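The structure under discussion appears below in the form of structure tokens.
The values are calculated or read from the model by the stated rules, or taken from the named source; none is laboratory data. Everything numeric here is computed off the predicted structure, so don't read it as measured data. Neighbour counts run over all protein chains shown; Cβ positions are idealised from the backbone, glycine included.
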Ligand SMILES: [Zn+2]
């Protein structure tokens, strides 16, 4: 393929994305018509149908919905009374229903040192932790291990918004109940803890049921190639039930839809010039990410035999913020790939940060990295969003201009890699190499505790 032909295809790809009339309408359907798209809900199913229909309209091949089973969870009211004062709270997905009274123990950020310092004291009490530092799931696992009977988790940011977020991986019901409280409520309880003992009455209602999740998959196949190797571009389209999941992650979902549409156009225009990309591109929109990456891990498990053919997973999770685009690359021998992204960003006069030293175990690329597939997470920072898992994650927070820029960057990177795969790692990581990286990053115990250490 000559550079002239590739550059012409790239220019029309970028122009298409920057002037697209489908980006905003897609966001409207996902956010205003399908709400939070919580896995197992009618909203989620409606969103899956819309995504499949869009991909079909854009001319992608083999558009399909792949179902997976899960433990469904439906929110009911939650009530927290501490020392006689009623405080606003919401149940955390996976929480069992409860009606209990117990002393509350404030454990700071809920880091290992906080639990160590507390010794036996948390046993039989309700753990109260700040939403700062390590992931909610890690703090929760520590509280369970310390023998706590309940878990109260705060938002890290002011704004009077209680956070949601699942308590367990694999969609299993959590062993102890948990609720989210606003930052301001935590500040009040911290002051109370400094003055007196705290006792809470915690009531949570929730419904647990058998549910089905839906992944949506579609292929872009180079003409005349029967069984290509793949690049995979993906995002989770499910969100939480309390908001629209607009930044997290209607933004990533629509980035994938837009890239799919524009890349189909680029493949067609290359074909018209007699040029054929070396790789196909598989587009995947996952569900169940917010309750433990269920959709992507189901796919990785049920398509294990095909993973060797996936050369890179490009996961868009939160690309609707206006700040720097961050690409976190996980894999073996990825230096060339990182250098390639930097060079391409320089070409765009585009502000990105990229690195391959940090393991990010909390989005869908990780389901593939666990199997040795080179995988990256793209996300943007900054902006007005008060936090991805709050009532404030609504469509008005999405920065459309930044979304277009991130989508254009991703689509161009994938087109170039499809035409010239040289910067891609020569092979997948072995199970031993993956384990080694995870051990060094300090994730072994945590992944084992979450049932995700499957080697
Ligand atoms: Zn997300």
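Tell me, which residue of segment 306-331 that is modelled with pLDDT of 95 or more and either assigned to a helix (DSSP H, G or I) or away from the ligand (no atom under 16 Å from the Cβ) (or both) is nearest to residue 407 (Cα to Cα)?
Step by step, filter segment 306-331, then rank; the result is 312.
Quick check on my filter: what residues within segment 217-239 are modelled with pLDDT of 95 or more and away from the ligand (no atom under 16 Å from the Cβ)? Spell out how you get there, then give the answer.
Start the filter on segment 217-239 by keeping residues that are modelled with pLDDT of 95 or more, which leaves 217-222, 228-239.
Residues satisfying the conditions are 217, 218, 219, 220, 221, 222, 228, 229, 230, 231, 232.
Looking for whichever is outside the structural domain of residue 390 (by TED's automatic domain parsing), touching a helix residue (DSSP H, G or I) at 6+ places or on another chain (Cβ under 6 Å) and farther than 30 Å from residue 260 by Cα here; the options are 84, 147, 131, 108. Which one fits? So that I can check it myself, show each step before the final result.
Numbers: 84 fails: touching a helix residue (DSSP H, G or I) at 6+ places or on another chain (Cβ under 6 Å); 147 fails: touching a helix residue (DSSP H, G or I) at 6+ places or on another chain (Cβ under 6 Å); 131 fails: touching a helix residue (DSSP H, G or I) at 6+ places or on another chain (Cβ under 6 Å).
After ruling out the rest, the residue left standing is 108.
Looking at this structure, is residue 70 modelled with pLDDT under 95 and either touching a helix residue (DSSP H, G or I) at 6+ places or on another chain (Cβ under 9 Å) or surrounded by fewer than 19 Cβ atoms within 10 Å (Cβ to Cβ) (or both)?
Details: modelled with pLDDT under 95: yes; either touching a helix residue (DSSP H, G or I) at 6+ places or on another chain (Cβ under 9 Å) or surrounded by fewer than 19 Cβ atoms within 10 Å (Cβ to Cβ) (or both): yes.
Yes: the conditions hold for residue 70.
Of everything in segment 80-98, what is in contact (Cβ under 8 Å) with a residue 24 or more places away in the chain, surrounded by fewer than 16 Cβ atoms within 10 Å (Cβ to Cβ) and in a strand (DSSP E or B)? Give them in sequence order.
So in segment 80-98, the residues in contact (Cβ under 8 Å) with a residue 24 or more places away in the chain come out as 80-83, 87-98.
Cutting the leftovers down to surrounded by fewer than 16 Cβ atoms within 10 Å (Cβ to Cβ) gives us 81, 83, 97.
Within segment 80-98, 81 is the sole residue that qualifies.
Quick one: in segment 240-254, of everything that is under 14 Å from residue 51 (Cα atoms) and out of contact with any strand residue (DSSP E or B) (no Cβ under 8 Å at 6 or more places or on another chain), which residue is farthest from the ligand (Cβ to nearest atom)?
First, pick out the residues of segment 240-254 that are under 14 Å from residue 51 (Cα atoms): 249-254.
Remaining after also requiring out of contact with any strand residue (DSSP E or B) (no Cβ under 8 Å at 6 or more places or on another chain): 250, 254.
Numbers: 250: 10, 254: 13 Å.
Top of the filtered list is 254.
Need the failing condition index for residue 296 against (1) within 13 Å of the ligand (Cβ to nearest atom); (2) part of a loop (DSSP other than H, G, I, E, B); (3) touching a strand residue (DSSP E or B) at 6+ places or on another chain (Cβ under 6 Å), just the number.
Going through (1) within 13 Å of the ligand (Cβ to nearest atom); (2) part of a loop (DSSP other than H, G, I, E, B); (3) touching a strand residue (DSSP E or B) at 6+ places or on another chain (Cβ under 6 Å) one by one, residue 296 breaks only (2).
Among 336, 416, 342, which is the only one that is modelled with pLDDT of 95 or more and either surrounded by 21 or more Cβ atoms within 10 Å (Cβ to Cβ) or over 17 Å from the mean Cα position of the chain (by Cα) (or both)? Break it down stepwise before answering.
On the way: 336 fails: modelled with pLDDT of 95 or more; 342 fails: modelled with pLDDT of 95 or more.
None of the others qualify; the one that does is 416.
If a residue counts only when it is more than 30 Å from residue 96 (Cα to Cα), touching a strand residue (DSSP E or B) at 6+ places or on another chain (Cβ under 9 Å) and free of Cβ contacts under 8 Å to residues at least 60 places away in the same chain, which helices (runs of 4 or more DSSP H) contained entirely in segment 1-73 have at least 2 such residues? First the steps, then the outcome.
On the way: elements: 3-18, 23-28, 42-57.
Filter on segment 1-73 gives 42-57.
Taking strands (runs of 3 or more DSSP E) that do not extend beyond segment 162-257, which have at least 2 residues that are in contact (Cβ under 8 Å) with a residue 24 or more places away in the chain and assigned by TED's automatic domain parsing to the domain that holds residue 320?
Result: 199-220, 230-236.
What's the number of the only condition in (1) surrounded by 15 or more Cβ atoms within 10 Å (Cβ to Cβ); (2) in contact with a helix residue (DSSP H, G or I) (Cβ under 7 Å, 6 or more places away or on another chain); (3) at positive phi that residue 408 fails to meet?
Residue 408 satisfies every listed condition except (3).
List the pairs whose first member sits in segment 358-373 and is in contact (Cβ under 8 Å) with a residue 40 or more places away in the chain and not assigned by TED's automatic domain parsing to the domain that holds residue 312, whose second member is in a helix (DSSP H, G or I) and within 11 Å of the ligand (Cβ to nearest atom), and whose Cβ atoms are under 9 Å apart, counting only residues at least 6 apart or on separate chains?
That search, which allows pairs on different chains as well, returns nothing.
Rundown of residues vs (1) closer than 30 Å to residue 88 by Cβ; (2) more than 18 Å from the chain's Cα centre (by Cα), yes/no style:
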position	(1), (2)
355	no, yes
391	yes, no
407	no, no
439	no, yes
454	no, yes
